[in-house]
Amino acid sequence: MSISADVAVTLARLRADVASGRAREIRELARLSQAEVAAAIGVSQPTVAGWEAGRRRPHGEPAARYADLLARLEQADEEE
């Protein structure tokens, strides 16, 4: 499987945010539940819980949607 450099950077940043707890922090600052995030990106709530707990690693298209959502939530928080 071949991925672009941009996708690789996005995945690396997302995985660092998940590992550090930053992804959970962004979600909580936005006052969203894991179930709401899961519905927004098309995965199950246990998948998001697994990512946030470090039991699973985001990958593929769901990871790209998750990274996009977190970036948008973070940007909205900065604009407030």
In terms of the alpha carbon gyration tensor, root eigenvalues a ≥ b ≥ c, rounded if a/c is under 1.5 and otherwise prolate when a/b exceeds b/c or oblate, the chain is oblate
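Within 10 Å, count the other beta carbons around each residue, average over each peptide in 23-32, 69-78, and list them highest first.
In decreasing order of mean packing, 23-32, 69-78 become 23-32, 69-78.
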Value of relative contact order over the chain, rounded to a whole percent, pairs C-alpha under 8 Å and six or more apart | 35
Note: Ala8 to Glu28 extended length (0.36 nm per residue) minus current alpha-carbon separation gives 4.6 nm
In region 36-80, what is the volume of the convex hull around the alpha carbon atoms, normalised per residue and reported in Å³?
-> 70
At 4 °C and 1.567 mPa s, what whole-number value in µm²/s does Stokes-Einstein give for the translational diffusion of region 9-49, with Rh from the Kirkwood sum over Cα pairs?
-> 123
Summing +1 per Lys or Arg and -1 per Asp or Glu among the other residues with Cβ less than 13 Å from Ala19's Cβ gives +4
Size of electric dipole in the chain: Cβ of Lys, Arg +1 and of Asp, Glu -1, about Cα centre, debye, nearest 20 | 500
How large is the helix-only mean residue ellipticity at 222 nm for the chain, computed as the sum of -39500 (n - 2.57) over DSSP H runs with n ≥ 4, divided by its residue count, in deg cm²/dmol to the nearest 500?
-> -24000 deg cm²/dmol
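Coordinate-derived values only; no laboratory data. Note that this is a predicted model, so its numbers are computed, not measured. Cβ sites come from the backbone with ideal geometry, for glycine too, and all protein chains shown count toward neighbours.
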